Amino acid sequence: MPRWEVLAPGLIEFGPQPGKRNLGFTTPWRWQRPIIDMNKCTDCKLCHYYCPDGAIDFAPIKVDIDYCKGCGTCEKVCPVKAIKMVPEIEYLEGLRDEEVLRRFEQREYGF
C-alpha cells in the first residue's frame, strides 16, 4: 500500500463537517425515511447540523432523500418531535406505481 505522501491529492477525505453534504450518494437502499411535520417544526435547524450526511437543507427545511441513509439521527435530536422515521416500504406503498418507478429509475451516473 502506498504511503500517504504518494497518494493523489483528494484521495484522503476528512470527516464531514456539520451541515455539509457527504459526497456519498446513497441510492434507494434505505429502510426508513424521515418525514417532517412542518406544523410542529420550530426551525431550530438541529436536524440539519446533526445529520451525518448533510441530507437536510433549510430555508425551508427539507430532506434530500438521495443522500439520506435513514439513520434516524434527525428524529433523535428534534426537540419538538417534528420528525418521524417511517419504514421505506410503508412510504412507498402510499405512492402510485408510476411514482415508485420514477424514484427507482436508473440514474445517469450509474445508480
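The values are calculated or read from the model by the stated rules, or taken from the named source; none is laboratory data. All figures in this text were calculated on a predicted structure; none of them were measured in a lab. Please note: Cβ atoms are built from the backbone with ideal geometry, for glycine as well, and neighbour counts cover all protein chains shown.
For region 28-63, which residues satisfy the criterion of being under 22 Å from Glu93 (Cβ atoms) and acidic (Asp, Glu)?
If the condition is that a residue be under 22 Å from Glu93 (Cβ atoms) and acidic (Asp, Glu), then Asp37 is the only one that fits.
Scan region 43-54 residue by residue and report those that are at pLDDT 90 or above and part of a loop (DSSP other than H, G, I, E, B).
Answer for region 43-54, where residues must be at pLDDT 90 or above and part of a loop (DSSP other than H, G, I, E, B): Asp43, Cys44, Lys45, Cys51.
Just to be sure before I move on: is Tyr91 farther than 16 Å from Tyr49 by Cα, touching a strand residue (DSSP E or B) at 6+ places or on another chain (Cβ under 9 Å) and either at pLDDT below 85 or aliphatic (A, V, I, L, M) (or both) in the structure I sent?
yes
Are any residues in region 64-92 outside any helix (DSSP H, G or I) and aromatic (Phe, Trp, Tyr), and if so, which ones?
The one that is outside any helix (DSSP H, G or I) and aromatic (Phe, Trp, Tyr): Tyr67.
Mind telling me which of the residues Pro60, Pro9 ends up being assigned to a loop (DSSP other than H, G, I, E, B), at pLDDT 80 or above and over 10 Å from the mean Cα position of the chain (by Cα)?
When all the criteria are applied, what remains is Pro60.
Residue check, Leu23 against (1) at pLDDT below 80; (2) part of a loop (DSSP other than H, G, I, E, B); (3) of a type in the set (A, V, I, L, M); (4) more than 12 Å from the chain's Cα centre (by Cα), all met but one. Which one?
Failed condition: (4).
Restricting attention to region 27-42, does a residue exist that is among the polar types (S, T, N, Q), in contact with a helix residue (DSSP H, G or I) (Cβ under 8 Å, 6 or more places away or on another chain) and at pLDDT below 95?
yes
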